[in-house]
1. If we keep just the residues of segment 175-200 that are assigned to a strand (DSSP E or B) and at pLDDT 95 or above, which is farthest from Arg127 (Cα to Cα)?
2. Collect the residues in segment 237-265 that are in contact with a Leu (Cβ under 9 Å, 6 or more places away or on another chain) and part of a loop (DSSP other than H, G, I, E, B), keeping them in residue-number order.
3. Among the candidates Leu102, Leu92, Leu130, Leu117, single out the residue that is modelled with pLDDT of 95 or more, within 18 Å of Gly4 (Cα to Cα) and of a type outside the set (Val, Ile, Thr).
4. Is it the case, given these coordinates, that Asn147 is closer than 22 Å to Glu86 by Cβ and either of a type in the set (Phe, Trp, Tyr) or modelled with pLDDT of 95 or more (or both)?
5. Could you list, in sequence order, the residues of segment 230-240 that are β-branched (Val, Ile, Thr) and at pLDDT below 90?
6. Regarding segment 14-33, can at least one residue be identified that is farther than 19 Å from His111 by Cβ and either modelled with pLDDT under 90 or not basic (Lys, Arg) (or both)?
7. Only one of (1) assigned to a loop (DSSP other than H, G, I, E, B); (2) surrounded by 15 or more Cβ atoms within 10 Å (Cβ to Cβ); (3) modelled with pLDDT under 90 is not met by Ala227, so which one is it?
8. Please specify each residue of segment 1-20 satisfying the condition of being over 20 Å from Glu66 (Cβ atoms), touching a residue at least 40 places away in the same chain (Cβ under 8 Å) and within 25 Å of the chain's Cα centre (by Cα).
Amino acid sequence: MILGITGNTLKEGMWEPVASLIKDLRSIHNKFVVHPDLAKGLLDRDASLQDNEIARTVLDFLDQAELIISFGGDGTLLNTVNLLGERPTPILGVNHGRLGFLAQIEGSEVHQRVQQLKSGDFVVEERVVLEASLESKDKLAANFALNEFTIQRSGETGLLTFEVLVDGVHLNTYWADGLIVSTPTGSTAYSLALGGPIMAPGCQAILVSPIAPHTLTVRPIVIPDSALVDIRLIGNGNSHVFTTDGINHKNALASGGVRIKKARHSVKLVRFNDQDYFSTLRNKLMWGAHRSKHAN
C-alpha cells in the first residue's frame with residue numbers, strides 16, 4: 001500500500017513527526033509519496049527526500065496515494081477531504097490542532113500506528129457527506145461537506161431571513177444570524193458550539209441548526225438524511241457568506257436558493273481497533289473529569 005503524506009505546513013510542531021514517519025516507512029520498505037507543498041518544507045529543513053518520494057503535482061499525489069496520512073488538525077483533514085473530492089481514498093488524521101475530533105491519533109503515536117497500517121490492523125469508517133447545488137446553477141468552489149454548510153451574515157447589521165423546506169414541505173422561516181446544515185460528523189463542530197445535539201457517526205440524519213435565532217423557541221432539528229433541504233434567503237439586501245467546511249463563497253445565494261442533500265459518496269476515515277467514538281467524546285470533551293482538589 002502506497003501511503004500519501006500531507007499536512008499543514010504552518011504548524012511547526014508537525015515537521016518532526018513527519019520526518020519520523022518517513023524514517024519508519026523507509027525502515028520497513030513501505031512505499032510512500034509526499035504532497036509537493038509538504039515536500040518543499042521538508043527539503044528546506046534538509047530532509048533527505050528522494051525524487052521518487054515526492055509527487056510532481058497535487059493530481060499525481062492523489063493518483064498515487066492509496067491511504068493518506070494528514071498531519072495537522074481537523075481543519076487540515078477537512079482540506080484533505082476537499083482535495084480528494086469523490087475519490088474513495090481513506091484518510092488517517094494526525095492531530096496537531098486543539099480538540100481533534102477527526103484527527104484520530106497524536107504525533108507521538110505515529111511509530112506504533114505505522115506498524116498497524118503495514119499489517120492491515122485498522123478499520124475504515126464510512127462518514128456521510130452532504131452535497132450542495134445552487135438554484136442559479138453557478139458552480140461552488142467546494143460543493144461537498146463532511147462537517148457542515150453554513151449561511152451567515154457577513155458582519156453587517158441586520159438579521160438574515162431564511163425559508164427552509166424539507167422534501168418540498170415548509171419547515172420554518174428563520175430570522176437569525178445564520179443557519180447550519182450538518183452531518184453527524186459535523187454535529188461536534190460548529191453546531192455543538194450553538195447547543196446542538198451530538199449525533200454518533202452511524203446516525204442516518206441531517207442536523208439543521210439556527211445561529212442566534214430571534215425567537216428562543218426555535219431549536220435545532222434532526223431530519224432523515226434521505227431528505228432534500230431547500231434554503232432560500234428572503235430579501236437578500238444583507239450580504240452573507242455561504243461556507244463549505246469553512247471554505248467561503250460570499251453572497252453565493254444572492255441570485256437564488258441552495259439545495260442540500262446526502263451525497264452519493266462517503267468519506268473514509270481510518271480508525272484503529274483500540275479506538276472508539278465514545279472514548280473520543282469522553283477524552284476530548286473531558287466527560288467525567290474530576291475537579292482539582294484545590295478548586296473552589
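The values are calculated or read from the model by the stated rules, or taken from the named source; none is laboratory data. Worth saying up front: this structure is predicted, and the values here are computed from it rather than measured. We place every Cβ from the backbone using ideal geometry, glycine too, and count neighbours over all the protein chains shown.
1. Among those that are assigned to a strand (DSSP E or B) and at pLDDT 95 or above, it is Leu179.
2. Asn238, Asp245, Gly246, Ala252, Leu253, Ala254, Ser255, Gly256, Gly257
3. That would be Leu92, the only listed residue that is modelled with pLDDT of 95 or more, within 18 Å of Gly4 (Cα to Cα) and of a type outside the set (Val, Ile, Thr).
4. When the stated conditions are applied, Asn147 passes them.
5. Matches in segment 230-240: Ile234 only.
6. Yes - at least one qualifying residue is present in segment 14-33.
7. (3)
8. Within segment 1-20, Asn8, Lys11, Gly13, Met14, Glu16, Pro17 meet the criteria.
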